Amino acid sequence: MPKINITDVVLRDAHQSLLATRMRTEDMLPICPKLDAIGYWSLECWGGATFDACVRFLKEDPWERLRKLREALPNTRLQMLLRGQNLLGYRHYSDDVVRAFVKRSAENGMDVFRIFDALNDLRNLKTAIEATKAAGKHAQGTICYTVSPVHTVEGFVRMGKELAAMGCDSIAIKDMAGLLTPFVTAELVKALKDSVDLPLHLHSHATAGLADMCHLKAIENGCDTIDTAISSMAGGTSHPPTESMVAALRGTQYDTGLDLEAIQEVGMYFYQVRKKYHQFESDFTGVDTRVQVNQVPGGMISNLANQLKEQNAIDRMNAVLEEIPRVRKDLGYPPLVTPTSQIVGTQAVLNVLTEKRYQTITNEVKLYLQGRYGAAPAPVDPVLQQQAIGKEDLVDCRPADLLKPELERLTKEIGSLAGSDEDTLIYAMFPEIGRTFLEHRAEGTLVPEPLEPPASNVSTSAPTEFKINVHGETYHIKVTGAGHKGQAERHFYFTIDDIPEEVVVETLDELVLTGGADGAVKTAIAGKRPKPSQPGHVTTSMPGNIVEVLVKEGDAVAAGQAVIVTEAMKMETEIQATIDGTVTAVYVAKGDAVNPDEVLLEITP
Ligand code: CO
């Protein structure tokens, strides 16, 4: 009998941590027969980020992925990460949606549900644990590990006991940021094993170079199962390598019983696969000990880096990493994991980019301060709370107790686009992109985002072929020729969806189409939104997408009134009227991508 069990996270957390969650099902299935033969305790393969990336970028049905993996891995437990009452989304769902989601996941092949709440508010785990047990599956209660003046070993042990009392089959310590140190791990694992009679799993990240040592200390102190990633997808912001841990324990009382040679074959397979996704590799791939100071999880660092790059503000990365702990303190020290990592991260980015802390407060921070995500681990900053929620009431019950059943409403809303509860749940998790996904699927127009060719073949010149997205439509642009460079007017020739066009430009700002292309394309290419120059010009502080335009031309607005809702980094932000007056122009519509140097709408005093 092997003493230590292994959960390999290569199909979920490893590519989430290293490759922005972009690994496609087609790259998982060929190796499944070999993965299935290893004898892992489980394979983690599903979670919020994989579900999101499937729908948003890969244009794959995440349920279809689950079914295919189930079929290809008949002998291995499949494991998922579930955000308690948030499921795989970013808000609290009503209990009927939580039950339906867990039931459908179980029916489609999920065995182990690792259930956590970002605030460690166990009320938010209750329904998901009950639903997992009702489906006859393994409910793993999760302790999100973090470091703060209010988090103690005693507190985590108390949580472990409560999770056992709630009916969990095992307990996981989830160290999403790689914050654990070896001797703290030893103390925490020992204390938990001494007081909770359940199998214990450890999930830690290699970011700070400490995870292998933590795993060993955990094993010495009674931990039953460790999470590892196949070596070619290990290290950096990912996890300790599976092969190394198997080798380290071989021939000892903790032997995993796994065949090192067989695992190495799997490792070679993913070594090749990883190259295909080189464009998504984060800049932070080595050991980064800053996490021991700023506590920012690996996935969050790569998200922040991408977000700042998009805004040409990557040089502000250090300022953002310094701001994050301050925002976290203001919010009562939440562990940084989805969705609190996004909530804290986005607010920190806003605080840095607007150069005035809390000048803009995201809707999510407001809801958080109201108690709508649950109880913060410590009291929040009262002045900020007052500023954010104004006269609105605080919530101190379990947030989902305030929610009416909503499955029926969601089913009605999505209508015939959904052919099953699974489809409805895609829409429930991601109302905007979920609906678009289902529409495109119905039309047969799902196109995954393109992958760059292998790094060695990348040319240094600008691309001559690319796709642009306007109002949800994708146009295929191909540059077919250009006039002489030195002249005052320069002619460019290209095709849009194979229709030839010609452009004459003096400066890029004036890029105007002369052919008969769609007006929306003209606007997008020409950058027709004016540059801000007056107080009545309403702009955004960060690039994002328009979720809603709350006013129309001719409306009277008051300074401070919400006029537009944008989405950036998966967080919604209200943009307010800059002055009192009348809306005289609206340059954006729902779904548009917008940038900070553009006027979104114009108010005339
Ligand atoms: Co993780």
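The values are calculated or read from the model by the stated rules, or taken from the named source; none is laboratory data. As the structure is a prediction and not an experimental result, all values here were calculated from the model. Using ideal geometry, Cβ is built from the backbone for each residue, glycine included, and neighbour counts are taken over all protein chains shown. For accessibility, only protein heavy atoms count, side chains too; no ligands or nucleic acids. Shrake-Rupley method; radii C 1.70, N 1.55, O 1.52, S 1.80 Å.
Structural remarks
- Note on Arg441 and Gln253: with the Förster distance fixed at 60 Å, the Cβ-Cβ geometry gives a FRET efficiency of about 0.70.
- In a DSSP loop and with at most 10 other Cβ atoms within 10 Å, the trypsin sites (Lys or Arg not before Pro) in segment 541-605 are Lys552.
- Charge dipole (debye, nearest 20) of segment 87-136; +1 at Cβ of Lys and Arg, -1 at Cβ of Asp and Glu: 20 debye
- Heavy atoms of Asp61 accessible to a 1.4 Å probe, total area in Å² rounded to 10: 30 Å²
- Cross-link partners for Lys366 among the lysines, with Cα-Cα distance under 29 Å and sequence neighbours closer than 8 places in the same chain left out: Lys126, Lys174, Lys309, Lys329, Lys356, Lys391, Lys404, Lys552, Lys570, Lys590.
- Extension gain, Val287 back to Ala562 (0.36 nm per residue minus Cα-Cα distance, nm): 94.7 nm
- Placing one equal scatterer on every Cα of segment 537-604 and applying the Debye formula, the log10 ratio I(q)/I(0) at q = 0.17, 0.20, 0.25, 0.29 Å⁻¹ is -0.49, -0.69, -1.07, -1.39.
- Between the helical axis of 431-443 and the longest alpha-carbon principal axis of the chain there is an angle of about 80 degrees.
- Accessible surface of the chain, 1.4 Å probe, proportion on carbon and sulfur as whole %: 51 percent
- Candidate aspartates and glutamates for bridging to Lys34, where Cα separation is under 19 Å - those fewer than 8 sequence places away on the same chain excluded: Asp8, Glu26, Glu44, Glu71, Asp227, Glu243, Asp259, Glu261, Glu265
- Nearest 10 degrees, 0 to 90: helix 182-195 Cα axis against the chain principal axis: 60 degrees
- For Leu210, solvent-accessible area (1.4 Å; no DNA, RNA or ligand), Å²: 40 Å²
- Within the chain, helix-based [θ] at 222 nm, where runs of 4 or more DSSP H residues each add -39,500 (n - 2.57), nearest 500: -10500 deg cm²/dmol
- For Lys137, a cut-off of 14 angstrom between C-alpha atoms picks up these aspartates and glutamates, skipping any fewer than 8 places away in its own chain: Glu107, Asp111, Asp169.
- Between helix 95-107 and the chain: long-axis angle, C-alpha atoms, 0 to 90°, nearest 10: 70 degrees
- Charge dipole (debye, nearest 20) of the chain; +1 at Cβ of Lys and Arg, -1 at Cβ of Asp and Glu: 960 debye
- Most positive-pole-ward Cα, Pro339, Pro399, Ile361, against dipole of segment 323-423 from beta carbon charges: Ile361
- Per-q log10 I(q)/I(0), the chain, q = 0.06, 0.09 Å⁻¹ (Debye; single scatterer per alpha-carbon; no solvent): -0.33, -0.75
- Rolling a 1.4 Å probe across the protein heavy atoms gives the chain an accessible surface of 42 Å² per residue.
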